[in-house]
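Student: Dropping the structure in here first, questions after.
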Amino acid sequence: GYLNDPRNKSIVVDKKKSQIIRKAFLLYSENASRLEDISNFLSQQGIISRSGKTLKRDRISFILSNPFYVGLFRYSGEIYEGKYQPIISKKVFDSVNN
C-alpha cells in the first residue's frame, strides 16, 4: 500500500493498493473472512508474491499484524511513529489484532 519516494526519501501512499489493503483489513475485522479468504481477495485484486503466486497464510498474518499500516514502524525492537500517512485507523487495526 506504500511506495518509497527516493527523491524526497519519504514514503507515499499507493492510492490503488492502499484501498485494496484497507478493504482486506475491513474484511478480516468483520470476522467473516479467514486468512485464506484474504489471500484469495488480494490475489483477485492483483496483489501477489514476487514469484507471481498467491500470498501464503503467514504473509497475510504478517500484513494484518504489521503496525506500519497505522503509521507506526518497528526499529531495533521499539515502535516509533512514522511521518507518513496511515492507511487504516487504529480502531480497525486493533479489531483485527484482538
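The values are calculated or read from the model by the stated rules, or taken from the named source; none is laboratory data. None of the values given here were measured: they were computed from a predicted structure. Cβ sites come from the backbone with ideal geometry, for glycine too, and all protein chains shown count toward neighbours. Just the protein is used for accessible areas: all its heavy atoms, side chains included, with ligands, DNA and RNA removed. Shrake-Rupley method; radii C 1.70, N 1.55, O 1.52, S 1.80 Å.
Student: Divide the volume of the convex hull of the Cα atoms of the range 11-58 by its number of residues and quote the answer in cubic angstrom per residue.
Tutor: 89
Student: Sticking with this structure for a sec: Hey, rough spin-label estimate for residue 73 and residue 40, points 7 angstrom out along Cα→Cβ, what's it come to in nanometres?
Tutor: 3.5
Student: What is the magnitude of the charge dipole of the chain about its Cα centre, with +1 placed on the Cβ of each Lys and Arg, -1 on the Cβ of each Asp and Glu, and no other charges, expressed in debye to the nearest 20? Walk me through the numbers on the way to the answer.
Tutor: Values: 17 positive and 9 negative charges, 69 e Å.
Charge dipole of the chain: 340 debye, to the nearest 20.
Student: With every protein chain left in place and a probe of 1.4 Å, what is the accessible surface of residue 72, to the nearest 10 Å²?
Tutor: Counting only protein heavy atoms, residue 72 exposes about 50 Å² to solvent.
Student: Starting from the Cα-Cα distance between residue 31 and residue 57, subtract it from 0.36 nm times their residue separation and give me the gain in nm to one decimal.
Tutor: Residue separation times 0.36 nm, minus the Cα-Cα distance, leaves 7.8 nm.
Student: For the chain, how big is the tail of P(r) above 20 Å, as a whole percent of Cα pairs? All intermediate terms of the calculation are to be shown ahead of the outcome.
Tutor: Details: 1817 of 4753 pairs.
Of all Cα-Cα pairs in the chain, 38 percent lie more than 20 Å apart.
Student: Among all the lysines, which ones have a C-alpha under 26 Å from residue 91's C-alpha, if same-chain residues fewer than 8 places away are not counted?
Tutor: Answer for residue 91, where 26 Å is the Cα cut-off: 15, 16, 17, 23, 56, 83, listed by chain and number.
Student: Which of the GluC sites (Glu not before Pro) found in the range 14-98 are in a DSSP loop and have at most 14 neighbouring Cβ atoms, other than their own, within 10 Å? Present the calculation step by step, with values, prior to reporting the outcome.
Tutor: Working: sites: 30, 36, 78, 81; in loops: 30.
Here the sparse-neighbourhood loop sites are 30.
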